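Here is the structure we will look at.
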Amino acid sequence: MALTGGAVLAAEQSNDFSAVKRIVALSPHGVEMLFAIGAGDKIVATTDYADYPEAAKSIPRIGGFYGIQIERIIELNPDLVVVWQSGNKLEDINQIQQLGFKVFNSDPKSLDDVAAELVQLGELTGLQTQAEQVAADYRAQLADIRQRNLNKPSVKVFYQLWSTPLMTVAKGSWIQHSIAACHGDNVFYDAASEYPQISIENVLLTQAEVILQSQDEGNILGVDWSAWPELPAVKNKHIYQLNADLLHRASPRAILGVAALCEALDNAR
């Protein structure tokens, strides 16, 4: 079965959300959101790569993209399991639900969704006041970024998601929302899929003015763009490496990723 972002699924649901004391959070961004609203101390297990804030590093790991240790969830007997449909196996999510655990699907698809899910998590954990404040601050910062960049000249952007194979982002993708907030013109916006595989030749045809890469060494070293000085981004030295955790995670820190992306585009302007 398919889950929608922010869906709460359970055999029986109680309205006494303040009773939620034990949470299993099955995504790095879910962990960040829970810590942001003051529920970090309720997390009893999480998945690989959940490394922020520092306290998250000491939370026991019970799986990753390859699967979740369902028997550990049964042993931990959490009041709430925060799943991630895009990053957890659907059969694992279904099994957790079938076992009768309260399940919340945290799967933000846009920058605005982050604020909405912060509020929902606040309601689920009895931390409404804190969550609403964090969400309000996030919304204000996002609105400010959008307003400040609204009338700036558009810049042609190529976002290098990965190098081997060479991949980028298009409309509907998470990164596209950040590019749009900074008034960038994604040169592969109209690609057929959200994360298309492309060729060097495809990129050269776009005449991109900026190349953005994650800071992953494999991504940076995978393509030596200096071999194509005819590309404006190469000619004018507008190739920037950005923090992947800030850009790719749907958490309150996404604001920092958007700000860094906007700064890179301002350099090109």
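Structural remarks
- Net charge contributed by nearby residues that have their C-beta within less than 13 Å of Ser163 (K/R +1, D/E -1): -3
- Dipole axis of the chain (+1 Lys, Arg; -1 Asp, Glu on Cβ), positive-most option in Val155, Leu99, Ile255: Val155
- Furthest towards positive pole of dipole, Ala55, His183, Leu26, structure part the chain, Cβ charges: His183
- Two-site FRET efficiency, Glu230 against Tyr66, from Cβ-Cβ distance with R₀ of 35 Å, rounded to 0.05: 0.25
- Residues whose amide H lies under 5 Å from that of Val44, counting only those 5 or more places away or on a different chain, are Ile23, Val24, Ala25; hydrogens are built 1.01 Å from N in the peptide plane.
- Rounded FRET efficiency, nearest 0.05, which uses the C-beta distance separating Asp266 from Leu205 and R0 of 25 Å: 0.50
- Assigned charges on the beta-carbon of Lys, Arg, Asp, Glu; the stretch 113-269 dipole about Cα centre (debye): 400
- Residues in the chain average 46 Å² of solvent-accessible surface per residue, probe 1.4 Å, ligands and nucleic acids excluded.
- Each residue of the stretch 21-26 was assigned a 3J(HN,Hα) from its phi angle through the Karplus curve 6.51 cos²θ - 1.76 cosθ + 1.60 (θ = phi - 60°); the sequence is 10, 10, 10, 9, 10, 9 Hz, with glycine and proline shown as x.
- Counting only heavy atoms of the protein chains and using a 1.4 Å probe, Ile239 has close to 50 Å² of accessible surface.
- Tail weight of P(r) past 18 Å, computed on alpha-carbon pairs of the stretch 52-146, percent: 57
- Rounded to the nearest 20 debye, dipole of the chain from Cβ charges on Lys, Arg, Asp, Glu: 340
- Local electrostatic count at Val114 - Lys and Arg +1, Asp and Glu -1, tallied over other residues with Cβ under 12 Å: -2
- Of the residues Lys156, Lys42, Lys109, ranked by 1.4 Å probe accessible area with the largest first, the sequence reads Lys109, Lys156, Lys42.
- Evaluated at q = 0.07, 0.09, 0.11, 0.14 Å⁻¹: base-10 log I(q)/I(0), Debye formula over Cα of the chain: -0.28, -0.45, -0.65, -0.97
- Here is how the number arises for the chain: DSSP H runs of 4 or more residues each give -39500 (n - 2.57), the sum is divided by the residue count, and the result at 222 nm is -11500 deg cm²/dmol.
- Take every Cα pair under 8 Å whose residues are at least 6 apart in sequence, average their separation, divide by the length of the chain, and the relative contact order is 17 percent.
- Hz values of 3J(HN,Hα) by residue in the stretch 140-154 - Karplus curve (6.51, -1.76, 1.60), Gly and Pro given as x: 5, 5, 5, 4, 5, 4, 4, 5, 5, 9, 4, 9, 6, x, 5
- Site-free segments of the chain were taken between GluC sites (Glu not before Pro) in DSSP loops having at most 12 other Cβ atoms within 10 Å, sites themselves excluded; the longest one is 13-229.
- Rounded to whole numbers, the Karplus 3J(HN,Hα) couplings from phi for the stretch 89-99 are 5, 4, 5, 5, 4, 4, 5, 4, 5, 5, 6 Hz, using 6.51 cos²θ - 1.76 cosθ + 1.60 with θ = phi - 60°, and x at Gly and Pro.
- Between helix 111-125 and the chain: long-axis angle, C-alpha atoms, 0 to 90°, nearest 10: 10
- Accessible surface of the chain, 1.4 Å probe, proportion on carbon and sulfur as whole %: 51
- Across Val82, Val119, Val234, mean-square fluctuation computed from a Gaussian network of the chain (C-alpha pairs under 10 Å connected) peaks at Val234.
- Farthest towards the positive end of the charge dipole of the chain, among the residues Ala39, Ala116, Trp228, is the Cα of Trp228, using unit charges on the Cβ of Lys, Arg, Asp and Glu.
The values are calculated or read from the model by the stated rules, or taken from the named source; none is laboratory data. Bear in mind the structure is a predicted one, so any value in this text is a computation, not a measurement. Here Cβ is always computed from backbone atoms with ideal geometry, including for glycine, and neighbour counts include all displayed protein chains. Keep in mind that these areas ignore ligands, DNA and RNA; they rest on the heavy atoms of the full protein, side chains included. Shrake-Rupley method; radii C 1.70, N 1.55, O 1.52, S 1.80 Å.
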